[in-house]
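For reference, the structure discussed in these notes is given below.
The values are calculated or read from the model by the stated rules, or taken from the named source; none is laboratory data. For clarity, every value in this text was computed on a predicted model and none was experimentally measured. Virtual Cβ from ideal backbone geometry, glycine too; neighbours counted across all protein chains shown. Surface accessibility is based on the protein's heavy atoms, side chains included, excluding ligands, DNA and RNA. Shrake-Rupley method; radii C 1.70, N 1.55, O 1.52, S 1.80 Å.
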Amino acid sequence: MSKLHVSLLKRYLLLLTGLSVMAFGVAFSIKASLGTSPISSVPYVVSLFTPLTVGTATIIMHCVFILMQILILRKNYHPIQLMQLPVAVFFGYLTDFGVWAVQGISYDTYWQQWILCLIGIFLVAVGVSLEVKAGVVVLAGEGVVLAICQVLPVKFGYMKVGFDVTLVVIACVLSIVFTGQLQGVREGTVAAAIMVGLIAKQLGKLLSHWKLEEI
């Protein structure tokens, strides 16, 4: 096996590790019942009023994101980005596994909910950092943001914030319309929106000194 193939294998293994950590982060956020992260808010709310699990709803949402990228970029869409599909399936099923794995965890107080929420936020941030470090394929959510940035003169950071806010608004509307109350979006969602990016940025600085060739 050539060095190129070995390097690529390491990158995909790192990506799968990052997705696994991220999926458990989502599971902890759901368990905390203080609101999920923006990217998981819509799948979680959809799971409340349909037979779909959070993971299955996540896979469907990512398929929609992939279609959006194709429509936005058209001829400039690179087929390699279709790797986002198996990545989405892996992430979706792993999220369901994570939700099942943490179901035995219990809490009695609000501060205990916050501990679970912060664990979820940290794990999602670690997962994002590893995904970025792998550098092979991004999740479809980030893919949509990148696609929009290719056709509009908007910086990724600003578009990412706008995209996340849009997802949260959609989750709020779906929750109120179909469940009659606001669910899935709470103070934990705001905390995740602020803290995941900041933590991931700091972890990214640490990982920048980490060469995959040395693994």
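Counting only heavy atoms of protein chains, what accessible area per residue, in Å², does the range 103-215 have with a probe of 1.4 Å? Kindly include the intermediate steps, with their values, before the conclusion.
Working: 6530 Å² over 113 residues.
So the range 103-215 comes to 58 Å² accessible per residue, rounded to a whole number.
Could you look at the range 47-173 and say what percent of its accessible area is carbon and sulfur, using a 1.4 Å probe and all protein chains? Let's see the in-between values first.
Working: 5030 of 6840 Å².
Summing carbon and sulfur atoms, their accessible area is 74 percent of the total for the range 47-173.
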Computed over the range 45-118: relative contact order in percent, which uses C-alpha pairs under 8 Å that are six or more apart: 35
Angle between the chain longest axis and helix 54-73 axis [Cα atoms, degrees, rounded to 10]: 50
Using the alpha-carbon atoms, what tilt in degrees (0 to 90, nearest 10) does helix 84-101 show relative to the longest principal axis of the chain? 40
What figure in square angstrom, to the nearest 10, would you give for the accessible area of residue 170 with a 1.4 Å probe? 70
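Is it possible to state the helix-based mean residue ellipticity at 222 nm for the chain, with each DSSP H run of 4+ residues giving -39500 (n - 2.57), the sum divided by total residues, to the nearest 500 deg cm²/dmol? What is it?
Details: 8 runs with 162 residues, N = 215.
After summing the helix terms and dividing by the residues of the chain, the value is -26000 deg cm²/dmol.
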Options (1) 1.02; (2) 1.17; (3) 1.07 are given for Cα Rg over 2.2 N^0.38 Å, and the computed one is (1)
How high is the relative contact order of the chain? Use alpha-carbon pairs under 8 Å, at least six apart in sequence, and give a whole percent. 37
Length-normalised contact order for the range 1-96 - Cα pairs under 8 Å, 6+ apart - percent: 32
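Lys and Arg at +1, Asp and Glu at -1: add these up for the other residues within a Cβ distance under 15 Å of residue 36 and post the number.
So the surrounding residues net to -1.
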Whole-Hz Karplus ³J(HN,Hα) for the range 31-47, in order, using 6.51 cos²θ - 1.76 cosθ + 1.60 and θ = phi - 60°, x for Gly and Pro? 4, 5, 6, 10, x, 8, 5, x, 5, 9, 5, 5, x, 5, 5, 4, 5
Proximal lysines relative to residue 133, as straight alpha-carbon distance under 17 Å, when same-chain residues fewer than 8 apart are discounted: 10, 201, 205, 211
At 1.567 mPa s and 4 °C, plugging the Kirkwood radius over alpha-carbon pairs of the range 87-181 into Stokes-Einstein gives what diffusion coefficient in µm²/s? 80
May I ask for the longest run of the chain untouched by chymotrypsin sites (Phe, Trp or Tyr not before Pro) that are loop-located per DSSP and have at most 14 neighbouring C-beta atoms (other than their own) within 10 Å? 1-106
Using a Gaussian network model on the chain with a 10 Å cutoff between Cα atoms, which of 96, 164, 108 fluctuates the most? 108
Assigning unit charges at the beta carbon (Lys, Arg +1; Asp, Glu -1) and nothing else, what dipole magnitude in debye, to the nearest 20, does the range 1-160 show about its Cα centre? 600
Against the longest principal axis of the chain, how steep is helix 187-207, in degrees 0 to 90 to the nearest 10, with axes from Cα atoms? 20
